[in-house]
Amino acid sequence: MSVSLGLPALPPPVLSPRRKTRKIKVGTVDVGGDAPVSVQSMTTTPTTDINATLQQIAELTATGCDIVRVACPSADDAEALPIIAKKSQIPVIADIHFQPKYVFAAIDAGCAAVRVNPGNIRKFDDQVKEIARAAKDAGVSIRIGVNAGSLDPRLMAKYGKATPEALVESAVWEASLFEEHDFHDFKISVKHNDPVVMVRAYELLSERGDWPLHLGVTEAGPAFQGTIKSATAFGALLSKGIGDTIRVSLSAPPAEEVKVGIQILQSLNLRPRKLEIVSCPSCGRAQVDVYSLADAVTEGLEGMSVPLRVAVMGCVVNGPGEAREADLGVASGNGKGQIFVKGEVIKTVPEHLIVETLIEEANRLAAEMGEPTDEAGAGAPTVTVG
């Protein structure tokens, strides 16, 4: 039996075509051009603890992370890179600050890419030629990572603070140095902790060249605040077609960064949507505890990867209509719930059986589609409250 889903068969609409950028490789992942927007994160383990770092990379991979960055502040970290780069399931980027020698160590270690911070690497401009040659010979790409917190002192003196113009001037200058040495396999980021400044910097930078851009609001904050800031900034840019990779910077476990990043892309139709739960915000009309009901359904279906829209509704005003439009839904009231599958009422169950019944029906639909319900990388389902 085939299951016709409620999602469109044609590619879903996007707010704006992707900006035309050059394509580069980060290991096995294409970045820029017609490649999908990729999601990145960064390990929080000491890089010297190889087992812990590889375990965290495995967790990130299972959550849906495409590319991972690891810190390399010391010689001991550099010595750990070859094993990590070899055993990681996804491409590894080495994060380099202060010491230029670790750029070359990361390239020699087999990392897929190296992130360099021109503002705090000693005499960086003088070493671009050697870095470009080593990276080109090894097939390693570079991220020029300009950051408001470590901008070149000369630009700080010129602009007074890390303005969008200052960030862009730094990025364009460094890009020109690499291109002068015939190296073009790089992407650029111009991060700031203020979403307004960050958005303007990327808008200006996108007008200056066809470089692929890595989006990030640096030091975005704790999970709730950082999610809002990142979603606001990324939405503003991605809706204009600006951005080729993203990293949501949260004071939270890195897997949470990946989940947020994936949901941002899915919300903009830049990544295929998977499980989506539509639930009402509750109101005086609700005859059930919609909050608890939606939470229980979300928890019960966590990890499901099929593109299934599930409606959890609490009253008779919008409930039947929303439930009918979804692939699977419930319209609740008077101590019971009408269960809809593909627009048809299949049964009415007591309120205490609603969650159990929805989970059973969702698993049945997923099985009919021939896909497992616990596929790695699914992440948490989207919950739309409206």
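What follows draws every value from the coordinates through simple rules; no lab data is involved. Since this is a predicted model, take the numbers as computed values, not measurements. As a convention, Cβ positions derive from the backbone with ideal geometry for all residues, glycine included, and neighbour counts pool all protein chains shown.
Per the Debye calculation on segment 61-189 with a single equal scatterer at every Cα and no solvent contribution, log₁₀ I(q)/I(0) for q = 0.17, 0.20, 0.22 Å⁻¹ amounts to -0.86, -1.12, -1.28. In segment 178-229, one over the average inverse separation of all distinct C-alpha pairs is 12.3 Å, which is the Kirkwood hydrodynamic radius. With only Cα atoms counted, the chain has Rg and Dmax values of 23.4, 74 Å. The largest-to-smallest principal axis extents of the Cα set in segment 169-274 are 42, 28, 22 Å.
Take the Cα of His181, step 7 Å toward its Cβ, do the same at Asp49, and the gap between the two points is 3.6 nm.
In segment 122-205, the alpha-carbon atoms span a convex hull of 92 Å³ per residue. Applying the criteria of a DSSP loop state and at most 10 other Cβ atoms within 10 Å to the trypsin sites (Lys or Arg not before Pro) of segment 1-109 yields Lys20.
Quick one: Debye curve from the C-alpha atoms of segment 323-362, no solvent, what's log10 I(q)/I(0) at q = 0.20, 0.31, 0.32, 0.35 Å⁻¹? Debye output, listed in q order: -0.47, -1.06, -1.11, -1.24. Put simply, segment 1-150 fits an ellipsoid with semi-axes of 32, 20, 13 Å; these come from the alpha carbon gyration tensor as the roots of five times its eigenvalues, largest first. In terms of overall dimensions, the C-alpha atoms belonging to segment 220-291 reach 45, 26, 20 Å along their principal axes, ordered largest to smallest. Near Ser305, the amide H atoms lying under 5 Å from its own belong to Glu375; only residues 5 or more places off or on other chains count, and H is placed 1.01 Å from N. When DSSP beta bridges are restricted to pairs lying wholly in the chain, around 25% turn out antiparallel. Amide H to amide H distances under 5 Å link Ile142 with Val114, Phe186, Lys187, where only residues 5 or more positions off or on other chains count and H is placed in the peptide plane.
Report, as a whole number in µm² per second, the diffusion coefficient that Stokes-Einstein gives for segment 81-120 at 20 °C and 1.002 mPa s using the Kirkwood radius over alpha carbon pairs. Could you put the intermediate results ahead of the total?
Values: Rh = 10.2 Å.
Translational D for this selection: 210 µm²/s.
Within the same chain, lysines fewer than 8 places from Lys191 are excluded, and of the rest, those with a Cα less than 16 Å from its Cα are Lys161, Lys229. Normalising the average separation of contacting C-alpha pairs (under 8 angstrom, six or more residues apart) by the number of residues puts the relative contact order of segment 181-282 at 24 percent. Counting 0.36 nm for each residue step from Tyr291 to Ile83 and taking away their Cα separation leaves a gain of 70.3 nm. For segment 202-346, the Kirkwood hydrodynamic radius from C-alpha pairs, put into Stokes-Einstein at 10 °C and a viscosity of 1.306 mPa s, yields a diffusion coefficient of 92 µm² per second.
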